[in-house]
Amino acid sequence: MSSEDHDRAPREARTALAAQTRDIAEVGAVEIITTAAVHLMSAAAVAVGLADHLADDLADGPADEPGAGGLTDSAGHADLDEARKLITALAGLITAAAPDLGSMHARSLRDGLRSLQLAFREASLVPDEPGAGPGEKWTGPVLPSTPSPPPAPASA
């Protein structure tokens, strides 16, 4: 290897790093925060068991191999301990970032968070007390909405 080849490798690495830094600098904070929230939501959905129906379609994937680890066990059961951590982190991120995200982004993220919190509550064998569920430190208690009673028949 010549000294020119030896010098070229670090130079190319620095050029690639500079290009990556420029790419990151072009992405706005709202997009980065939203992307992080979507990743947390996706991982939490898998951990809660909302993706269990996919396990049948992907029967021979790497997640099904013994000892593969991850958010579900080898039988595809939810890992609520992992889900709790992910949902709590998501709630903290959304709560802290909401003023900067704007109502459109914050509302859709809060809706997704609420859906995950309700799915967690439904999947739990022993439900948490109201206010003690994942992320409820940040969001307040999340309980299923009770259906409204049907309207009284109109009198003739």
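Read-outs throughout are calculated quantities, based only on the coordinates presented, and are distinct from any laboratory measurement. Not measured: the values here are computed from a predicted model. Using ideal geometry, Cβ is built from the backbone for each residue, glycine included, and neighbour counts are taken over all protein chains shown.
For this structure, a couple of remarks:
- Between V30 and S145, the FRET efficiency estimated from the beta carbon spacing at R0 = 35 angstrom works out to 0.75.
- Positive minus negative residues near V30 (Lys, Arg vs Asp, Glu; Cβ under 14 Å): -2
- Inter-label distance for A132 and A16, nm, one decimal - labels placed 7 Å from Cα along Cα-to-Cβ: 5.1 nm
- Note that the range 27-33 has calculated 3J(HN,Hα) couplings of 8, x, 4, 4, 5, 5, 5 Hz, one per residue in order, obtained from phi through the Karplus relation 6.51 cos²θ - 1.76 cosθ + 1.60 (θ = phi - 60°); glycine and proline are x.
- Label-point separation in nm, V38 to A96, each point 7 Å along Cα→Cβ: 2.1 nm
- Total formal charge among the other residues, if their Cβ is under 9 angstrom from that of A47, Lys/Arg +1 and Asp/Glu -1: -1
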